[in-house]
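Written below as structure tokens is the structure these notes are about.
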Amino acid sequence: MSVTGRSEGHLPGLAACVSAGLLLAGWILAPGASAATPPHLRITGNAASSLSGPLPGLADQGEFDWTAPSGTLGDGVVVDGGPIGGPTYAGGQAIASAEFGKLSALGGAEVRGPPPAFPNNQLSANGFASAAWSDIVTVVPTNPALNLTRGVFSFEVVAGGSGGVTQRPHQGFGSADYSLGVEVGGAFCPTVCSFIRRGYWNETLAGMGGDTLPASIAADVVITIGTPFTLGVSLFANASVFTGDETVEAYSDLSQTVLWNGITSMKDANGNDFAYEVQSLSGTNWALPYAAPVPEPATWLTLLAGLALMGASGRRRRR
């Protein structure tokens, strides 16, 4: 599998585990990302922190951007401005993963206000992550004698997650949001059939606004039977905070994943069910809900070898 992309910044904690997991599985990530035509996977992320005012500093930023025609993508970046003048801190994180039928994204940010020595400075931080997949799909009747031209397919995408903004003692500003979208191109829409769910959190809300989580998108789309069309799902998670002298935390966590739940029905122009099959350039059967792929034997051997090395290292340390 060939993968193109770029990745910058730090990879501590969970982010490092994600990248290490891809390396153990034998993926090779090459720099130099560019947008790709379907079928493709893409993940992006950006995290930043800064201290502005009479004593600017504490600035840090990291990002990643990967595109692949198949397989699994996963990466993360965490920026840590670190303490300055005592407990002052600003940090952000972004983590994302993508495979055909499954997406996840997390954006987080935290600031802890400057001590009295820096009363006129402002701290800010943000974390943004996105994940998407896109494919070329064709629906054909299993019985060619039906000679169908138009049909209506129904689909569902489901998302789970959480988010929020915490302030102590309720000053400063924080916000977080997510966006889930499905696009079907080549269907009978003016340009592209788009379906979107959005939700948000801020310091004034007891819960969340917009489309609450868990969320789903279920819709009917008219297509031309036997003619290829594009099908894609995208996910965004974002969090941002700033403060002069307080602590603010925000997060938008959809790492519980967005899953394709399959084509729930297929009807002809007269509303009658018919037997069909789904063809796609990615080789994914979109008629079915997402199912985790079974690793190939070579992948299992690579992972087992990595675990064996880790076990041997642990035994050596205990001695």
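Of all the numbered requirements in (1) modelled with pLDDT of 90 or more; (2) open to solvent by less than 60 Å² (accessible area, probe 1.4 Å), Cys189 misses one, and that requirement is (1).
Flag not set for Pro114, criterion: open to solvent by 20 Å² or more (accessible area, probe 1.4 Å), farther than 17 Å from Gly127 by Cα and at pLDDT below 95. Scanning the stretch 216-228 for residues being in a strand (DSSP E or B) and open to solvent by 10 Å² or more (accessible area, probe 1.4 Å) gives a total of 6. Restricting attention to the stretch 217-234, the residues being touching an Asp or Glu at 6+ places or on another chain (Cβ under 6 Å) and farther than 11 Å from Ser194 by Cβ number 2. Looking only at the stretch 192-204, residues that are in contact with a Gly (Cβ under 9 Å, 6 or more places away or on another chain) and either surrounded by fewer than 16 Cβ atoms within 10 Å (Cβ to Cβ) or modelled with pLDDT under 90 (or both) come to 7 in all.
The values are calculated or read from the model by the stated rules, or taken from the named source; none is laboratory data. Please read all numbers here as calculations on a predicted model, not as lab measurements. Neighbour counts run over all protein chains shown; Cβ positions are idealised from the backbone, glycine included. The area values use the complete protein model at the heavy-atom level, side chains included, leaving out ligands, DNA and RNA. Shrake-Rupley method; radii C 1.70, N 1.55, O 1.52, S 1.80 Å.
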